[in-house]
Amino acid sequence: MKKFIFFSIIGSIVCAQNGLEIAKMVDARPTPKDMFNKTKMVLTNSKGQSRTNIMVSKSMDGNKRQIIWFLEPKDDKGVSFLKIEHSNQDDEMRMWLPAFKKIRRISSKRKGDAFMSSDLSYEDLSSRDLTKNEYSRLDDEIIDGKDCYVLKVIPKKEAKSSYSKHLSWIEKSSLMAVKEESYDKRGELKKNKAYTHKKLKEYFVMERIFVEDIQKNHTTEVTFLDLQVDTGIDYNLFHEKNLKRIPKM
Amino acid sequence: MKKLSLLLLSFASAQINYSGEINPSVMTRKSDQSQINLPFRIATLEGGYTFGSVDLKTSIAIEHRWNTGESVFNLREVYLAYYPDWGEVKFGKQIHAWGAVDGNNPTDNLNPYDYYYMFSPGTKRKLGTISFSSKIYVGNFQLEGIIIPKHEINRMPYGEKDFPLSMPVKPFVEYEVDREMELGFRVQNSSVLGDVGFAIFNGNDRAPSLLTANVTFQEGVPPVVDQMNLGYRSTTTWGFDFVTFIGDFTLRGESSIFKTRAPLLSINLFKIPLDLYELHQEVTYAQSVFQVEYTTASDITISGQYIASNVSSERYDWFHTLSVELVQLPNPTFRPGMGTPFAIFTDKAIMLSSSGVMMDDRMELKGSTVVNMDESGYMFTASIGYSPWINWKIETAIVQFKGEKDEPENAFTKMEDFSHLRLGLYYNF
């Protein structure tokens with residue numbers, strides 16, 4: 001009996017995944033080929049005042065290609081945004097501004113900048129490159145009844161991140177993030193993020209993101225409505241010419 | 001039957017889009033708090049009907065004057081747009097936009113300007129024209145061609161006592177243009193480094209200039225100009241624009257060379273006045289704008305522009321129409337008939353502007369200053385917009401011109417009386 005326990009412990013130590021392996025598992029998780037959804041984003045300040053943005057989004061390649069068309073507030077209606085991520089070069093970002101009838105190429109380097117004045121930065125919305133971060137595993141925890149891996153993620157210099165580290169809670173059964181704490185360059189807690197997901201077809205997809213900027217005392221709640229996956233979005237959709245036409249929901 | 005079913009199905013799946021703005025506003029002169037009575041767009045409506053790959057787009061506005069209470073309906077755009085896989089095709093009354101910099105675009109000469117709105121951004125300051133355009137995307141290239149069958153001119157505030165640069169009377173334009181049809185072509189390449197574009201446009205000036213004069217010559221006395229006759233010069237432009245990124249800075253630039261000449265005049269050979277003299281003129285001038293912009297960590301955008309306009313060569317020859325004899329007459333001061341509207345103020349200026357939002361986009365702060373580098377003078381604007389409820393905004397702005405008393409012909413000096421406060425209410429739907 002003692003030998004059995006001893007070898008079980010040794011076996012589990014030998015077979016336990018490290019942080020990078022868990023990150024690879026998360027990265028290899030089946031994801032939809034494409035996604036189409038309506039997004040509602042509610043920004044709430046320290047006084048409890050809220051402002052709602054509504055947009056339509058189409059994406060593929062794990063959000064590496066994405067178009068967003070803004071519907072509300074009404075003075076933003078018609079503005080749209082195209083992002084194409086590249087692995088070995090700077091991302092391309094373009095905005096269609098109907099008031100100017102121009103497609104404006106914008107800088108993609110400021111990943112730390114806020115997306116639409118929200119608590120989510122462009123970096124928060126981009127996928128993480130496994131090679132540009134260091135992953136270490138911390139003790140597993142149970143969050144809201146979900147058994148989770150806990151990873152410490154430290155961006156390397158080449159990631160050009162605005163964060164010094166993240167602590168990520170990954171649900172073991174779905175390999176979806178449940179919670180994340182992000183720390184600024186001074187090592188102070190900057191953001192708390194809470195994620196809710198659901199199963200759609202054979203995929204787990206994000207349903208809700210709640211971000212609290214601790215330092216600004218400000219929150220952003222993003223809800224993905226009317227989510228559709230694998231609808232056969234054409235690769236050629238992700239071209240600036242499609243910024244001018246809001247798709248039919 | 002099958003085709004009819006498909007057609008009906010397409011109509012059933014068609015989509016109607018609309019958006020608009022109601023924007024009553026008032027301008028008050030800073031010097032004596034009197035109201036500035038110029039027309040403004042009190043309401044605008046953009047509509048679109050999408051049917052498969054085809055859009056029908058319209059833009060209408062209601063222009064209003066407070067002092068007379070009159071409102072004028074204005075169909076600014078109405079055109080069909082077709083979006084095949086390879087690009088887009090548009091036909092109708094429409095506004096185009098070329099160029100990489102913000103606000104002052106020497107390469108953007110496809111539409112005339114509405115000088116009542118010359119301080120407004122984007123398409124608000126332009127007039128739609130009937131045109132056919134097609135854009136083709138090939139790899140990293142975009143190729144665009146535009147045909148404008150009929151020449152259109154700038155809308156100028158003639159006889160507006162509240163607009164200091166206004167001419168008292170709309171001048172009579174004697175001559176039609178040499179060639180009505182105007183053509184434009186642009187090619188753009190996109191790469192990881194940025195975008196680069198080249199453009200050519202062949203058309204006619206948007207503002208009239210002196211083409212002939214009726215002159216009396218008498219021995220021993222200087223010639224007397226009895227009448228000046230205006231028309232529109234033919235102008236060809238070659239332009240270049242780019243946008244690139246260096247670190248956290250975005251660099252945008254645009255430059256155009258304009259070659260303008262007097263057109264071939266249609267004068268009835270049997271009715272040529274004896275005192276008619278023609279001005280042959282060929283002028284080459286250039287306009288350039290260079291812009292640097294930066295966005296801070298707190299989402300405040302700062303940008304600086306250097307705007308320059310210069311004449312590189314001018315040639316004027318006066319000759320008697322009947323005898324084709326060259327004569328000596330004073331040459332007119334050259335005024336560009338095409339290009340960025342800012343050229344009427346100065347040949348060289350620096351513009352600094354900044355904008356930021358606070359309180360979750362509830363409050364927007366904007367400021368800009370234009371400094372005349374050619375002579376004295378500057379223009380300063382600042383505005384605060386506050387959105388108490390979603391889709392509503394109250395905006396207050398100050399616009400200040402400062403010239404030099406010793407330079408009465410300086411445009412900034414003339415505009416000093418136009419310094420004003422503006423209060424506007426916006427409702428977007």
Of everything in the range B:320-368, what is surrounded by fewer than 16 Cβ atoms within 10 Å (Cβ to Cβ), over 30 Å from residue B:304 (Cβ atoms) and either in contact with a Leu (Cβ under 6 Å, 6 or more places away or on another chain) or within 14 Å of chain A (Cβ to nearest Cβ) (or both)? Give them in sequence order. B:332
The one condition in (1) surrounded by 20 or more Cβ atoms within 10 Å (Cβ to Cβ); (2) more than 22 Å from the chain's Cα centre (by Cα) that residue B:70 fails to fulfil: (1)
Please find, among B:311, B:283, B:292, the residue that is within 14 Å of another protein chain (Cβ to nearest Cβ) and in a strand (DSSP E or B). B:292
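For the range A:89-100, state whether one or more residues are among the basic types (Lys, Arg), crowded, with 20+ Cβ neighbours inside 10 Å, within 12 Å of another protein chain (Cβ to nearest Cβ) and under 25 Å from residue B:191 (Cα atoms).
Here is the first cut: in the range A:89-100, the residues among the basic types (Lys, Arg) are A:94.
Applying the additional criterion that residues be crowded, with 20+ Cβ neighbours inside 10 Å yields A:94.
From what is left, the residues that are within 12 Å of another protein chain (Cβ to nearest Cβ) are A:94.
Filter once more, keeping what is under 25 Å from residue B:191 (Cα atoms): A:94.
Scanning the range A:89-100, I find at least one residue that is among the basic types (Lys, Arg), crowded, with 20+ Cβ neighbours inside 10 Å, within 12 Å of another protein chain (Cβ to nearest Cβ) and under 25 Å from residue B:191 (Cα atoms), so the answer is yes.
Picking from A:124, A:75, which residue would you name as being surrounded by 18 or more Cβ atoms within 10 Å (Cβ to Cβ), in a helix (DSSP H, G or I) and at the interface with another protein chain (Cβ under 8 Å from one of its Cβ atoms)? Lay out the reasoning, then the answer.
Values: A:124 fails: at the interface with another protein chain (Cβ under 8 Å from one of its Cβ atoms).
Criteria check complete, one pass: A:75.
Out of the residues in the range B:170-181 meeting the condition of being of a type in the set (Asp, Glu) and in contact with a Leu (Cβ under 8 Å, 6 or more places away or on another chain), tell me which one is modelled with the highest pLDDT.
Step one: of the range B:170-181, the residues of a type in the set (Asp, Glu) are B:174, B:176, B:178, B:180.
When the remaining residues are screened for being in contact with a Leu (Cβ under 8 Å, 6 or more places away or on another chain), the result is B:174, B:178.
Values: B:174: 83, B:178: 80.
Only one residue fits best here, namely B:174.
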Screening B:409, B:395 for residues that are closer than 23 Å to residue B:350 by Cα, over 21 Å from the mean Cα position of the chain (by Cα) and either acidic (Asp, Glu) or at pLDDT 90 or above (or both) leaves only B:409
In the range B:53-67, what count of residues is obtained for those that are hydroxyl-bearing (Ser, Thr, Tyr) and either under 14 Å from residue B:95 (Cα atoms) or within 20 Å of the chain's Cα centre (by Cα) (or both)? 2
Residues (over 26 Å from residue A:132 (Cα atoms) and facing another protein chain (nearest Cβ under 10 Å)) located in the range A:78-88: A:78
Hits in the range B:95-124 - residues which are charged (D, E, K, R) and away from chain A (no Cβ under 12 Å): B:114
Report, ordered by the first and then the second residue, all pairs with beta carbons closer than 7 Å, sequence separation of six or more or different chains, a first member in the range B:76-87 that is more than 10 Å from chain A (Cβ to nearest Cβ), and a second member that is of a type in the set (Phe, Trp, Tyr). B:79/B:91; B:80/B:91
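Have a look at B:203, B:159 and point out the one that is surrounded by 21 or more Cβ atoms within 10 Å (Cβ to Cβ) and either farther than 23 Å from residue A:101 by Cα or in contact with a His (Cβ under 9 Å, 6 or more places away or on another chain) (or both).
Numbers: B:159 fails: surrounded by 21 or more Cβ atoms within 10 Å (Cβ to Cβ).
Every option except B:203 fails the conditions.
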Kindly indicate the residue of the range B:26-47 that is of a type outside the set (A, V, I, L, M) and in a loop (DSSP other than H, G, I, E, B) and also farthest from residue B:66 (Cα to Cα) among those meeting that condition. B:31
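The values are calculated or read from the model by the stated rules, or taken from the named source; none is laboratory data. Since this is a predicted model, take the numbers as computed values, not measurements. Neighbour counts are summed over all protein chains in view; Cβ atoms, including those assigned to glycine, are modelled from backbone coordinates with ideal geometry.
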